[in-house]
Ligand code: ATP
Ligand code: MG
């Protein structure tokens, strides 16, 4: 009977909340893999099927997992399982046993030795402790023993949903999908919001945003996306706000609309892909003016990363190829040649006569629900 044994990292240290974190992770694993999962004394056991590895590698909260067999709690059963999980071809191996059940009569070093000797006898291969072709992992827990040679790293972090819900502002760029992923990785359930201009390349942009949303769905199992029609507000902003301040005015409107949507969704924060000093709107002064339009906390998880680091993550999570499609979002098409780098809130406040439109615009958003 093949199975997966899942290990988590940080949940282990959450004291009284441990139960809550573990249950959430089991729930998320079942939602994303569609396989049966259960808690087993400090680990989670999941029924195996071919291809489940790719799904498990994307679930926040999983540090690593092994794919192999469950054995009875006796050394003969462990030996039999070890022979079955070994690959067809290898030259050297080592055994790495761990025993969380200290009442099991054989210690970990003894398991390593006895099982090692047995494998040498049966296969004629040699032990190499420093650089083996294969490692045979043996985990003795209080009820069962897991034996496996295939071990994979997960993404770590915390289970989605344990930190609450957030609104993630997704443009068509490289940064914001990475920011949404990082929020998920720290336990947030993400609701995506995109602002678009119906009159500008909208078909392609919509397709691109939907592709990004589908990619992000892989990490949390389901995802809601709000598509907010922004052109009427953009026209007002163009009329009321001087060229240099427009980008900041757009972003403040986005913040307020995101707050309306957060109210509907019972979300607790707004996440952006802002990155300090990357573009003109991202000086400390400008970010202050933009973020202060939100009454909810604004989280910008990329704030201290270099562009190269962000690109690397976006490649790892699979959003990069989509983000570089040539279609730009509504705002990148309307950048001023000389944007203000030190905006003052009082200058913008004077222009924001169009604020009462924002609630209606929020209500006009189209809602999409994605499932894995
Ligand atoms: P990105 O690569 O995510 O576009 P950026 O570094 O290019 O980010 P900006 O384009 O100035 O920076 O946008 C900063 C943040 O504002 C974005 O990361 C995103 O969170 C939000 N944002 C910008 N435009 C939009 C939009 N059209 N819809 C939703 N959110 C947006
Ligand atoms: Mg951008």
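At a glance:
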{"item": "Test: residue in the range 319-342 that is within 13 Å of ligand 2 (Cβ to nearest atom), surrounded by 17 or more Cβ atoms within 10 Å (Cβ to Cβ), under 19 Å from the mean Cα position of the chain (by Cα) and touching a residue at least 40 places away in the same chain (Cβ under 8 Å)", "result": "yes"}
{"item": "Qualifying residues in the range 277-318 (those that are closer than 26 Å to residue 211 by Cα and either touching a strand residue (DSSP E or B) at 6+ places or on another chain (Cβ under 8 Å) or part of a strand (DSSP E or B) (or both)) - the one nearest to ligand 2 (Cβ to nearest atom)", "result": "300"}
{"item": "Members of the range 260-276 found to be touching a helix residue (DSSP H, G or I) at 6+ places or on another chain (Cβ under 9 Å), away from ligand 2 (no atom under 16 Å from the Cβ) and part of a loop (DSSP other than H, G, I, E, B), listed by number", "result": "267, 268"}
{"item": "Failed criterion for residue 253 (all others in (1) over 22 Å from residue 177 (Cβ atoms); (2) away from ligand 2 (no atom under 15 Å from the Cβ) hold)", "result": "(1)"}
{"item": "Residue ranges of strands (runs of 3 or more DSSP E) in the range 1-93 with at least 1 members closer than 30 Å to residue 126 by Cβ", "result": "2-8, 62-71"}
{"item": "Test: residue in the range 188-198 that is at pLDDT below 95 and near ligand 1 (Cβ under 10 Å from one of its atoms)", "result": "yes"}
{"item": "Selection count, the range 48-86, where residues are free of Cβ contacts under 8 Å to residues at least 60 places away in the same chain, touching a helix residue (DSSP H, G or I) at 6+ places or on another chain (Cβ under 9 Å) and closer than 20 Å to residue 101 by Cα", "result": "2"}
{"item": "Neighbours by Cβ (under 9 Å, 6+ apart or cross-chain): first from the range 254-282, at positive phi; second more than 10 Å from ligand 1 (Cβ to nearest atom)", "result": "266/164; 266/165; 277/283; 277/284"}
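The values are calculated or read from the model by the stated rules, or taken from the named source; none is laboratory data. Nothing here was measured: the structure is a model prediction, and the numbers come from that model. With ideal geometry, Cβ positions are generated from the backbone for all residues, glycine too; neighbour counts draw on all protein chains shown.
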